[in-house]
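Every read-out reported here was derived from the displayed coordinates using simple, explicitly stated rules and does not represent laboratory data. Since this is a predicted model, take the numbers as computed values, not measurements. Quick reminder, even Gly has a Cβ in these numbers, built from the backbone with ideal geometry, and neighbours come from all protein chains shown.
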Amino acid sequence: MTDLFDNPPTPDVDWYPEWLSRAQSAQALARLTDEVAWRQDVMGTPAGRVPLPRLTAWQGEPDAVYVYSGIRNVPQPWTPAVAELKAAAEATSGARFNSVLINRYRSGTDSMGWHADREPELGKEPVIASVSLGVARTFDLRHNRTGVVQSYSLKGGSLLVMKGDTQAEWRHRVPKEPRVSGERINLTFRWITPRPAGR
Ligand SMILES: O=C(O)CCC(=O)C(=O)O
């Protein structure tokens, strides 16, 4: 117990608050808004199917297929601005990525609930590079065993690389912040075990 208070857990992340310049970040936001095929997905709840509180897109290599709720999701091809951000995130993190989940938060009432990126196709200790563009939003990481919360303000142009046991030991979320106006786009670049066609 003493050890917990003396040494609270910290997530295994690398944090680059000013990864892109303001100009690069504004340009990337405008390009992505325009070039990405945004989808309004729905989720099942006890009250029925409701729209996700954000727009999404999934891009990557054709064999970077992920199966979610029994549905086989083949990514859209990389678009130019996303491919440029992927190359830059690979250079900084030293990891390789073959897919990206892109989330568009239209205002502070859009959000993402507590979860961990733990699908088997991500492997045991996935490196996930999270690029943020647009308005700053709170990003909370909560340690599973202790409940310790570590919060970041993910401002436009920042990069947060999650690695090691971060997905196994922590959950994360983007809470609603009704007082925030303005859009934010977040890209989480990942490596998914490639799946040959038909599997
Ligand atoms: O928008 C964010 O910062 C987080 C996105 C996220 O949790 C995810 O892609 O799994």
Residues Phe189, Phe97 arranged by fewest to most Cβ contacts within 10 Å:
Phe97, Phe189
List the aspartates and glutamates whose Cα lies under 16 Å from the Cα of Lys86, skipping any in the same chain that are fewer than 8 positions away.
Glu35, Glu61
Of the options Val42, Ala81, Leu29, report the single residue whose Cα projects farthest towards the positive end of the charge dipole of the chain (beta-carbon charges: Lys, Arg +1; Asp, Glu -1).
Val42
Which value in nm describes the separation of the simple spin-label points at Thr45 and Arg173, placed 7 Å from the Cα toward the beta carbon?
1.3 nm
Based on Cβ point charges of +1 for Lys and Arg and -1 for Asp and Glu, what charge dipole magnitude is obtained for the chain about its Cα centre, in debye rounded to the nearest 20?
620 debye
In Å and from the alpha-carbon atoms only, list the Rg and Dmax of the stretch 68-147.
14.6, 42
Value of D in µm² per second that Stokes-Einstein yields for the stretch 61-199, Kirkwood Rh from Cα pairs, at 4 °C (1.567 mPa s):
82 µm²/s
Report the label-to-label distance for Thr138 and Thr92 in nanometres (one decimal), using points 7 Å from each Cα along the Cα→Cβ vector.
2.4 nm
Kindly state, to the nearest 0.05, the FRET efficiency for Thr109 paired with Ser21, given R0 = 45 Å and r defined as their beta-carbon distance.
0.95
Can you give the relative contact order of the chain as a percent, counting alpha carbon pairs under 8 Å and 6+ residues apart?
30 percent
Cut-off is 10 Å between beta-carbons; in what order do Arg49, Arg142 appear when sorted fewest neighbours first?
Arg49, Arg142
Name the residue, out of Val180, Val42, Val135, whose mean-square fluctuation peaks in a Gaussian network model built on the chain with Cα pairs under 10 Å.
Val42
In percent, how large is the relative contact order of the stretch 47-125, given Cα pairs closer than 8 Å and 6 or more residues apart?
39 percent
Compare Asp110, Asp34, Asp165 in a GNM of the chain, Cα atoms joined below 10 Å, and give the one with the largest fluctuation.
Asp34
Taking Lys176 as the anchor, which aspartates and glutamates have their alpha carbon closer than 12 Å to its alpha carbon, excluding any fewer than eight residues away along the same chain?
Asp110, Asp140
